[in-house]
1. What are the residues in the stretch 272-311 that are more than 23 Å from the chain's Cα centre (by Cα) and farther than 24 Å from Ile56 by Cβ, if any?
2. Anything in the stretch 119-137 that is under 24 Å from Tyr191 (Cα atoms), part of a loop (DSSP other than H, G, I, E, B) and not aromatic (Phe, Trp, Tyr)? List them, or say none.
3. Please verify whether Leu225 is part of a loop (DSSP other than H, G, I, E, B), out of contact with any His (no Cβ under 8 Å at 6 or more places or on another chain) and of a type outside the set (Asp, Glu), treating the condition exactly as stated.
4. Among the candidates Thr253, Thr235, which residue alone is among the β-branched types (Val, Ile, Thr) and over 30 Å from Asn45 (Cα atoms)?
5. Just wondering, is there one or more residues in the stretch 59-78 that are under 12 Å from Thr100 (Cα atoms), under 15 Å from the mean Cα position of the chain (by Cα), outside any strand (DSSP E or B) and among the polar types (S, T, N, Q)?
6. For the stretch 177-220, enumerate the residues that are surrounded by 13 or more Cβ atoms within 10 Å (Cβ to Cβ) and charged (D, E, K, R).
7. Looking only at residues that are of a type in the set (Ser, Thr, Tyr) and outside any strand (DSSP E or B) in the stretch 237-268, which one is surrounded by the fewest Cβ atoms within 10 Å (Cβ to Cβ)?
Amino acid sequence: MDVPGGVDISDCSSFDCASQKSSFETVGSAPTKSPWTLVPVTVKNFNNSKTIPEKIRAYRRSDFFDSRRSIALWTPSPGLNHDPKITQKNVAVGDVGVFTVRGGFEVFFNVFMTEEVNRAYGYHPPPNFTPCATITKGNIHKASLNDANIVRGSFIEVPCEGYIFSCETPCTRRPLEGSALVLPMGGWKFYLKLATMRMLIQTYLNVHAESWYQYYRSPNTGPMLPSGSLKIVHTTYKTSTWALAVGTKDLTTQEKRLFASLSRPEKDEDVFKWNRHHDVSVDTGPSTVEMGGRKATLINQCVAVEVDAIKPTAFLSTLNATLTRVSLFLSPK
């Protein structure tokens with residue numbers, strides 16, 4: 001479903017209808033009397049498991065949108081792993097799922113869609129799934145993304161003739177790390193205003209979250225998720241085209257300068273190409289197959305998300321008590 005300007009508003013359109021191996025992270029707690037609680041996931045407390053390739057971990061340590069809660073996706077959605085008939089569907093506000101070891105976000109279901117519509121999209125909601133009916137389309141807001149070229153860490157944007165974007169690090173022997181996200185055609189942020197929505201979502205989770213975990217913990221359903229590992233998306237960052245880069249350098253006796261430069265070989269096509277140092281990993285998208293040609297007409301590529309972890313309160317209370325005892329034991333007498 002589109003709005004003027006070619007913006008795909010699948011984040012909002014889900015209200016109209018009322019697998020990769022996963023990685024799990026532990027985040028801090030937020031006390032509540034409810035059986036389930038929403039715990040903010042931040043760049044700082046996001047646990048980048050060492051089973052994840054270093055380039056992906058380095059990239060996800062980057063805060064590209066000046067929000068300590070935005071988690072960058074090394075594998076933006078939708079991606080070619082989706083059924084071709086739903087390639088316009090992407091990570092959206094209201095999605096519930098997990099982060100993956102390939103740097104993406106795997107969606108299990110959307111809380112604003114019925115069980116039938118979720119299954120039509122290729123998702124796997126629990127049996128007898130009940131959607132959240134207390135939030136309306138008007139509760140989702142959108143804002144344009146102002147920065148088209150974003151660099152973090154040791155990368156510095158520099159002018160380079162013949163390229164639409166170029167970045168480099170200092171020439172040094174020291175360890176360094178840099179990342180870049182380029183949105184050649186701009187983008188949008190879709191989000192729920194949490195101050196007004198949190199209580200409604202909390203009430204919904206108190207009724208349904210236990211059945212979700214019972215289903216996804218079952219050996220018959222595949223994931224065998226640990227309790228507290230599900231995430232609910234409340235903010236997405238989307239674009240029609242993207243280019244990303246990350247470079248890391250260990251301590252060495254040889255001075256090195258990492259660089260990456262992005263070009264657009266054909267001005268009438270939305271296809272981009274990197275020129276890079278061999279220690280820099282890069283990617284661009286969407287592919288020509290995803291575009292259905294060489295023109296990107298929809299803003300349906302999700303490059304970052306903000307999520308809350310759905311945690312059982314009892315677990316968090318036990319964890320807090322344990323941490324308190326450890327702190328008291330370690331504190332000087």
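1. Once the filter is applied, which keeps residues that are more than 23 Å from the chain's Cα centre (by Cα) and farther than 24 Å from Ile56 by Cβ, the stretch 272-311 yields Gly292, Gly293, Arg294, Lys295.
2. Matches in the stretch 119-137: Gly122, His124, Pro125, Thr130, Pro131, Cys132, Ala133, Thr134, Ile135, Thr136.
3. The answer is yes for Leu225.
4. Values: Thr235 fails: over 30 Å from Asn45 (Cα atoms).
Going through Thr253, Thr235 in turn, just one is among the β-branched types (Val, Ile, Thr) and over 30 Å from Asn45 (Cα atoms): Thr253.
5. No - not one qualifying residue is present in the stretch 59-78.
6. Correct list: Glu177, Lys189, Arg198, Glu210, Arg217.
7. Restricting attention to the stretch 237-268, the residues satisfying the condition of being of a type in the set (Ser, Thr, Tyr) are 237, 239-241, 248, 252-253, 261, 263.
The next check asks that each one be outside any strand (DSSP E or B); those that pass are 240-241, 252-253.
Numbers: Ser240: 24, Thr241: 22, Thr252: 11, Thr253: 5.
Looking at residues that are of a type in the set (Ser, Thr, Tyr) and outside any strand (DSSP E or B), I get Thr253.
Listed here are the residues, each with its yes/no results for (1) at pLDDT below 95; (2) over 29 Å from Thr284 (Cα atoms); (3) buried (at least 17 other Cβ atoms within 10 Å of the Cβ).
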residue: Pro78; (1), (2), (3): yes, no, yes
residue: Asn81; (1), (2), (3): yes, no, no
residue: Val96; (1), (2), (3): no, no, yes
residue: Phe99; (1), (2), (3): yes, no, yes
residue: Glu115; (1), (2), (3): no, yes, no
residue: Gly122; (1), (2), (3): yes, no, no
residue: Thr130; (1), (2), (3): no, yes, no
residue: Gly138; (1), (2), (3): yes, yes, no
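The values are calculated or read from the model by the stated rules, or taken from the named source; none is laboratory data. Note that the coordinates shown come from a computational prediction; the quantities given were computed from them, not determined experimentally. Note: ideal-geometry Cβ built from the backbone for every residue, glycine included; neighbour counts use all protein chains shown.
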